[in-house]
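Down below is the structure, laid out as structure tokens.
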Amino acid sequence: MIFVWTTSSNPGSALIRWGRGTDCSHFAVVFNKLVCGVDQGCWLVGESRFSEGVDLDWWHQFKQRNRVVHALEYLPIEKSMDEREAYCAFGKKMMGRQYDKKAVLWLAFDSLLRKLRIRNPYSENKWGDNQDVYCQEVIEAFRDTFRRDGLKLTYSDVEMLDPHMAYEMLVKEPQWRKIDL
């Protein structure tokens, strides 16, 4: 399983990167061993997109819309989850959920305040909908596995983070290895 952080030519991507001062604007999970192993043509990508909500796509179609900026491969310490289990957890907890448009509004609001150097009066995103999913919130599907491996990632951590903050949090953990895609 690989977590990827991307950017695109989409105006929303540019706005997020400008507002947050980061190099990426989107997050997705790649199931790289589920169907046919190392052949990238068979990789499945799970993501939450503004127009579709949480869905699956093939890697080659995903790459047509996105440029990968960061990629981390998950190396479970206790071999606590294989790719099929991860895929099932993602499907069960995430598939069919809508994109959290209210959370994006909060992110835009917070980003504008940052640019104006005004402290956000909200310490957390109260605008988001717990049933809907912003792109990096799909990480929540793997919370139980991460907990078994010693990661202290909670829903509130994921909910508050922009995609790049999620990367910064995970890249420091021994369960993740940087890779090039």
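The values are calculated or read from the model by the stated rules, or taken from the named source; none is laboratory data. Fair warning: this is a prediction, and the values are worked out from it, not measured in the lab. Quick reminder, even Gly has a Cβ in these numbers, built from the backbone with ideal geometry, and neighbours come from all protein chains shown.
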Y87 fails exactly one of (1) out of contact with any Leu (no Cβ under 6 Å at 6 or more places or on another chain); (2) assigned to a helix (DSSP H, G or I); (3) within 13 Å of F142 (Cα to Cα), namely (1)
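Among what's in region 144-181 and is hydroxyl-bearing (S, T, Y) and at pLDDT below 70, pick the residue that is surrounded by the fewest Cβ atoms within 10 Å (Cβ to Cβ).
Step one: filter region 144-181 for residues hydroxyl-bearing (S, T, Y), giving 145, 154-156, 167.
Now drop any that are not at pLDDT below 70, which leaves 154-156.
Numbers: T154: 13, Y155: 12, S156: 10.
Out of the qualifying residues, it is S156.
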Pairs under 7 Å by beta carbon, first residue modelled with pLDDT under 85 in region 29-55, partner surrounded by fewer than 16 Cβ atoms within 10 Å (Cβ to Cβ), six or more apart or different chains? L34/R84; G41/H60; C42/V35; C42/C36
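Among what's in region 94-137 and is closer than 17 Å to R20 by Cβ and hydroxyl-bearing (S, T, Y), pick the residue that is modelled with the highest pLDDT.
Filtering region 94-137 for residues closer than 17 Å to R20 by Cβ gives 100, 103-120, 122, 124-125, 127-128, 134-137.
Pick out the ones that are also hydroxyl-bearing (S, T, Y) and you get 111, 122, 134.
Working: S111: 81, Y122: 69, Y134: 77.
Only one residue tops the list, namely S111.
Output the residues belonging to region 166-181 that are of a type in the set (D, E, K, R) and either more than 13 Å from the chain's Cα centre (by Cα) or assigned to a loop (DSSP other than H, G, I, E, B) (or both).
Let us first name the residues in region 166-181 that are of a type in the set (D, E, K, R), namely 168, 172-173, 177-178, 180.
Correct list: K172, E173, R177, K178, D180.
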Residue among E78, E73 that alone is closer than 20 Å to R147 by Cβ, modelled with pLDDT of 90 or more, surrounded by fewer than 21 Cβ atoms within 10 Å (Cβ to Cβ) and acidic (D, E): E73
May I ask you to list the residues in region 92-124 that are part of a helix (DSSP H, G or I) and over 26 Å from A28 (Cα atoms)? L113, K115
